[in-house]
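Below: one structure, written as structure tokens.
The values are calculated or read from the model by the stated rules, or taken from the named source; none is laboratory data. A quick note: this is a predicted structure, and the numbers were derived from the prediction, not measured. Glycine also receives a Cβ, built like all others from the backbone with ideal geometry; neighbour counts cover every protein chain displayed.
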Amino acid sequence: MDELLTYLNGLTESQKNQFSLLGEIYKTLNSRVNVVSRKDIDNIYSRHILHSVFIQSFFDFKAGSEILDLGTGGGFPGIPLAILYPETTFMLIDGTRKKIGIVKEVAEELGLKNVQAKQVRAEELKSRKFDFVVSRAVASVDKLMAWSRPLLKTKQIHAIPNGLFTWKGGDPKKEIALLPKHEYTEVYPLRDITNDPFFEEKYIMYVQG
């Protein structure tokens, strides 16, 4: 938790309390449904919560925007981002009922009013459009873009066009090579903001919608 606070400035007391509770909530629920690797649960802050909110070092979601967390699993990056951006609406989706059940419990325990969780596949979402899609460790970037593009709003309210942010590891050139040549991408290496060796080869990739 202390490490988290070194990277996040200007948190309200309510946000600090929510982040403080988040780790214990996950540890309790994870004993029932394994949404975080059991060998990883003791590193929940550094490897999952902090990893999720690192995007703030590169980009801020505006109040009133709508974000889709595609393949949220146990709620990452959506739940930490919903705490960080209380004026932004987040829809968290996953195909696994038990995982979405955990997400709903976490959101309820934290009192997050800006989170909606659904057991649904991206292809099945018909009536909603979003400013951005976020996704962490779900699929290759070409597949993510195929799922995301039909779900993006045409109206822009941010400085950069609506699109996809995906949390990745390894060589970003291999991911970019999967996309058509005309696709616009930006890569944000996490080693630029932390010396933690765990993040040495991790990055967040933006793909314009």
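In the condition set (1) part of a helix (DSSP H, G or I); (2) in contact with a strand residue (DSSP E or B) (Cβ under 9 Å, 6 or more places away or on another chain); (3) of a type outside the set (G, A, S); (4) over 20 Å from E201 (Cα atoms), Q15 is compliant with all but (2). Of all residues in the range 16-30, those that are closer than 17 Å to D42 by Cβ have Cβ atoms under 8 Å from Cβ atoms of residues that are buried (at least 18 other Cβ atoms within 10 Å of the Cβ) and hydroxyl-bearing (S, T, Y), 6 or more apart or on another chain, in G23/Y45. Filtering V115, V36, V120 for residues that are in contact with a His (Cβ under 7 Å, 6 or more places away or on another chain) and farther than 21 Å from E186 by Cβ leaves a single hit, V36. Going by the conditions given, is E108 at pLDDT below 95, farther than 23 Å from F198 by Cα and either part of a helix (DSSP H, G or I) or hydrophobic (A, V, I, L, M, F, W, C) (or both)? No; evaluated as a whole, the condition is false for this residue.
Within the range 168-209, the residues that satisfy the criterion of being in a loop (DSSP other than H, G, I, E, B) and surrounded by 14 or more Cβ atoms within 10 Å (Cβ to Cβ) are L179, E183, I193, T194, D196, E201, G209. Taking the criterion of being part of a helix (DSSP H, G or I), buried (at least 24 other Cβ atoms within 10 Å of the Cβ) and more than 8 Å from the chain's Cα centre (by Cα), the residues of the range 76-90 that qualify are A82, I83. Looking across the range 114-155, the residues that are assigned to a loop (DSSP other than H, G, I, E, B), surrounded by 13 or more Cβ atoms within 10 Å (Cβ to Cβ), without any contact (Cβ under 8 Å) to a residue 60 or more places away in the chain and not aliphatic (A, V, I, L, M) come down to N114, R121, S140. Scanning the range 1-53 for residues that are buried (at least 17 other Cβ atoms within 10 Å of the Cβ) and either over 17 Å from the mean Cα position of the chain (by Cα) or among the hydrophobic types (A, V, I, L, M, F, W, C) (or both) yields a total of 14. On inspection, K99 passes the criterion of being crowded, with 19+ Cβ neighbours inside 10 Å, part of a helix (DSSP H, G or I) and among the charged types (D, E, K, R). Being modelled with pLDDT under 90, among the polar types (S, T, N, Q) and not in a helix (DSSP H, G or I) holds for only one residue in S37, S46, and it is S37.
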